[in-house]
Structures are given as C-alpha cells and as structure tokens.
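This is the structure I have questions about; it appears just below.
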Amino acid sequence: GKQTGRNNFQFYTPAMNEQALERLRIEGDLRNALDHGEFLLHYQPKVDLASGRVVGSEALIRWLHPQLGMVSPARFIGLAEETGLILPIGAWVLRTACTQCRQWQLAGHDDISVSVNLSVGQFLQKDLVSSIADVLADTGLPPASLEIELTESLMMTDVEHAIGILAGMKKLGIRLSIDDFGTGYSSLAYLKRFPIDVLKIDRSFVRDITIDADDAAITASIISLARHLKLRVIAEGVETDEQLDYLRHYGCDEIQGYLFSPPVAAEKFEQILREERVI
Ligand code: C2E
Ligand code: CA
Ligand code: CA
Ligand code: CA
C-alpha cells in the first residue's frame, strides 16, 4: 500500500501506474481536444428566491472524449492549469458562454445572465481585461449580463495585483462573484477592498445545513455578512427542500443546485426558460 510520512516512501502499485498512464494519455488528448471540438458547455440555472424565476446560468465545461466518454472537469481542469492549456480552453469557454447567453436574450429571455469560472492562469494573463472586452463587443452581450466567478485563493495570491484586475473588470461593467466562499483564505478585511458583487456559499456548508449547527451558523453568517456589505448572496449545491427552507429563512437571494436542476445542455436550458419554470 501507499505510505507517506517522515520517511516519505511509497510502494509503486499497478493501480498507481495505471493512474500515471491515464494522466499522460489525458494530457496528450487534452492538447487536441479544442481543435477536435470535444468540449461543450453545460449550464446550471440560478434561481432568484424572491421571484422564484431563473435569472442566471453557470457555464460548466464538459469534455466529450472519443473513448472515455464524458470527462468531468475535476479530472482535467487541474491538468489544463499545469500545462497552460487552460488559457485557450478558458478563452473558448468565455466566448462560447457569452455567445450562448446573447442568443437566449435575443430569443426573448432578456434578463438572463451567464457566469463563467476563471482559473488562476487566466487571472494572471496580462490582457485578461481587454480580452473580456473583446468578447463582449464581438458577441453583443451587455456587460451587466456577464458574471465572473473567482476563488478566494486566486485573489489572495497577489492582493494588490488582484485589486487592479478586479477594478479593470468592474470598469467594463461586468459582475464579480467569489466562488466557494468560506473555504479559502480570504481575509474579511479584503472584502471591503475587492469590488465584489456576489458571494457564493460553498456546497460544503449547504450540504449539512439542516443537521450541523456549525454549518447552519456559518451559512447564516455569510448571508448576514453579504447583506451588510450590500452584496448579493447565492448558495450552491442545494439538493433538498429542507435546505431551501433554511436558506430562504436566512434571507439568501439565489440558489443553484440539483433541487431545481443539474447543469444541462444549452437546448435543455432554453427549454427551462421557455417553460418559465419556477421554484
Ligand atoms: P464549481 O465552480 O464549484 O461548480 C459547481 C459544481 O457543483 C459543478 O461541478 C456542478 O455540476 C456541481 N453541482 C451543482 N449543483 C450540485 C448539487 O446540487 N449537488 C452536487 N453534489 N453538486 C452540484 P462540475 O461541473 O463537475 O465542475 C467542477 C468544478 O470544475 C467547478 O466547481 C469549477 O471549479 C471547475 N470548472 C467547471 N467548468 C469550468 C470552466 O469552464 N473553467 C474553469 N476554470 N473551471 C471550471
Ligand atoms: Ca463556480
Ligand atoms: Ca464549491
Ligand atoms: Ca462553486
């Protein structure tokens, strides 16, 4: 078996060998996936609790591998970051998501917005702000309809740099959201300095909100913090009616999760919009 510790020795097992091989293979295939058109985006509805209506969508990448089938981002985003492939992939995600959102708007769903996850590599790219501006201009998506989801660790690597980039993005008129809020190392003091619009409560807190008093307290506190800072607050990973009841009670603005809908293909998302499905 595998053993780590002071001596830090490991037995190399066939299973690990297979893992290493799979990794190599995936890395090779990842290099061509964009050219081969193997990526697609799924969209998960964000529901406004005041109106019960879908107000936004989070774009989540999927890789349709010719042999492996649907590969989840958990298996390749890290690799894409390490290899730098996240830059062309991330650019593709941004452009595709904005194009899609604009199409929904032109089909009559004027108020729908789209959220895109940003990786560290993209965040450190010199021309990030101008490339977002280009995509908005090319697709015709109103800046206010685009939200960028950033993680705390991404912003905390270099705070002064981050504040500059965030200010540049805000100037474009797009919205900024802190993803997985509460799991990272951000200092509350910085919340004041970051021009953020939305806090997104991590699924790990939402999951046990009905059974764990600590998770309930953390969730209630994040919602209260957001209110006082005049930020919107959304909970991710909402799966049950009980979780929804708690979140409503605490005054959460929006929810996202399997309870309403998993991430779905673009056509399916538009169907949900057309049906005017409410929670
Ligand atoms: P994330 O940004 O925290 O996205 C939320 C994840 O939770 C998604 O997993 C979503 O499918 C899943 N989820 C949504 N509702 C529920 C629920 O009710 N219960 C449970 N158990 N899970 C739920 P997914 O799509 O596998 O994505 C995983 C992560 O991969 C994302 O976490 C994000 O960090 C990353 N990712 C996905 N797409 C992109 C992308 O285009 N760019 C970058 N940089 N990262 C991405
Ligand atoms: Ca996210
Ligand atoms: Ca999360
Ligand atoms: Ca998240």
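The values are calculated or read from the model by the stated rules, or taken from the named source; none is laboratory data. From a predicted model like this one, the values you see are computed outputs, not experimental measurements. So basically every Cβ, Gly included, is an ideal-geometry build from the backbone, and we count neighbours across all protein chains shown. SASA here: full protein model, heavy atoms, side chains in, ligands and nucleic acids out. Shrake-Rupley method; radii C 1.70, N 1.55, O 1.52, S 1.80 Å.
How many residues does segment 136-166 contain that are open to solvent by 10 Å² or more (accessible area, probe 1.4 Å), more than 16 Å from ligand 4 (Cβ to nearest atom), in a helix (DSSP H, G or I) and not acidic (Asp, Glu)?
Of the residues in segment 136-166, 12 are open to solvent by 10 Å² or more (accessible area, probe 1.4 Å), more than 16 Å from ligand 4 (Cβ to nearest atom), in a helix (DSSP H, G or I) and not acidic (Asp, Glu).
Kindly indicate whether any position in segment 252-267 is out of contact with any Asp or Glu (no Cβ under 8 Å at 6 or more places or on another chain), within 30 Å of GLN103 (Cα to Cα) and assigned to a helix (DSSP H, G or I).
yes
Would you point out the residue of segment 99-122, among those that are within 30 Å of ASP158 (Cβ to Cβ) and open to solvent by 50 Å² or more (accessible area, probe 1.4 Å), that is nearest to ligand 4 (Cβ to nearest atom)?
It comes out as ASN117.
Under the condition of being in a strand (DSSP E or B) and more than 16 Å from VAL114 (Cα to Cα), which residue from segment 29-69 is most open to solvent (accessible area, probe 1.4 Å)?
Applying the filter and picking the extreme gives LEU64.
Name every residue in segment 184-212 that is within 16 Å of ligand 2 (Cβ to nearest atom) and either surrounded by 19 or more Cβ atoms within 10 Å (Cβ to Cβ) or more than 22 Å from ARG248 (Cα to Cα) (or both), in order of residue number.
GLY184, SER186, ILE196, VAL198, LEU199, LYS200, ILE201, ASP202, PHE205, VAL206
Another question, then. Looking for whichever is more than 16 Å from ligand 3 (Cβ to nearest atom), over 20 Å from ASP48 (Cβ atoms) and free of Cβ contacts under 8 Å to residues at least 60 places away in the same chain here; the options are LEU176, LEU191, LEU231. Which one fits?
LEU191
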